[in-house]
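Encoded as structure tokens, the structure appears first; notes follow it.
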Amino acid sequence: MLGLLERYFPHLTSAQKDRFAALLPLYEEWNARINVLSRKETPEQWGVRHVLHSLSIARFITFKPGAAIMDLGTGGGFPGIPLAIMFPETSFYLVDSIGKKIKVVQAVADALALTNVRAEQIRAEDVAGRFDFVVSRAVAPLTELHGWIRNKVKPVSQHALPNGLICLKGGDLAAELAPFGRRVQVQPIADYFADEFFETKQIVYLQI
């Protein structure tokens, strides 16, 4: 997987390379005990479908040091863990309502010494505080996500892109996006990565 990442992210530091190299072996170990990634997929497929997919957000935006990002419905830690490796000076708060998934997320973050990651079993509605961006991967329709997080985004932006919601989604999104008009922006991930897996995958950004 490291060679694949270096193709698209040629400026990785040695610390980032070490963490990415350790990432999939950690998930293999944990997935044998707690199923958080599909056992029908190979670790190589995990590298594309979970790690590289998560990092498409790093091609869309560069999070600034000191920014606060919430990964809503993180599941096994995606996109939050790969993004935390990519942006070590940015704070990531990974939340999910399923405790066994958060157990894996915290264990992986601890094993990688990711001091910029905090994981918690909590429902979106109960999250306190505000964030520069909320990221999410195929958790719920955009209208539901917006309802959960519209009061959890900081009103003042420090990035060129106004604060908001960044989702990883696939398929025909026309009906889902229609209620938001010009507030929503769609970026095909195939513009970033050549693998056929990304042909129908998109980044959806909603300004909050």
At a temperature of 20 °C and a viscosity of 1.002 mPa s, determine how fast the chain diffuses translationally according to Stokes-Einstein, using the Kirkwood radius over alpha-carbon pairs as Rh; express D in µm²/s, rounded to the nearest whole number. 125
Can you pick out the pairs among Lys40/Lys201; Lys17/Lys152; Lys40/Lys100; Lys40/Lys101; Lys64/Lys152 whose Cα atoms lie more than 23 Å from each other? Lys17/Lys152
Report P(r) for segment 100-208: all Cα-Cα distances, bin width 5 Å, range 0 to the bin holding the largest distance, values in whole percent. 2, 10, 18, 19, 19, 18, 11, 2, 0
Report the net charge of residues surrounding Ile189, where surrounding means a beta-carbon distance below 13 angstrom and charges are Lys +1, Arg +1, Asp -1, Glu -1. +1
Charge tally in the Cβ shell below 14 Å around Ala128, where Lys, Arg are +1 and Asp, Glu are -1, Ala128 excluded: +2
Please work out how much length the chain gains when fully extended from Lys154 to Gln207, using 0.36 nm per residue of separation minus the C-alpha to C-alpha distance, in nm with one decimal. 18.0 nm
Taking every C-alpha to C-alpha distance in segment 31-76 and binning by 10 Å from 0, the per-bin percentages run 21, 44, 27, 8
What percent does the relative contact order of the chain come to when contacts are Cα pairs within less than 8 Å and at least six residues apart? 17
222 nm mean residue ellipticity, helices alone, for the chain (DSSP H n ≥ 4; -39,500 (n - 2.57); rounded to 500): -9000 deg cm²/dmol
Size of charge dipole - segment 50-149 - debye, nearest 20, with Cβ of Lys, Arg +1 and Asp, Glu -1, no other charges: 180
To the nearest 20 debye, what charge dipole does the chain have about its Cα centre, counting +1 at the Cβ of each Lys and Arg and -1 at the Cβ of each Asp and Glu? 400
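None of the figures in this text is laboratory data; all of them are computed from the coordinates on show. Here the structure is a predicted model, which means the values were calculated and not measured. Here Cβ is always computed from backbone atoms with ideal geometry, including for glycine, and neighbour counts include all displayed protein chains.
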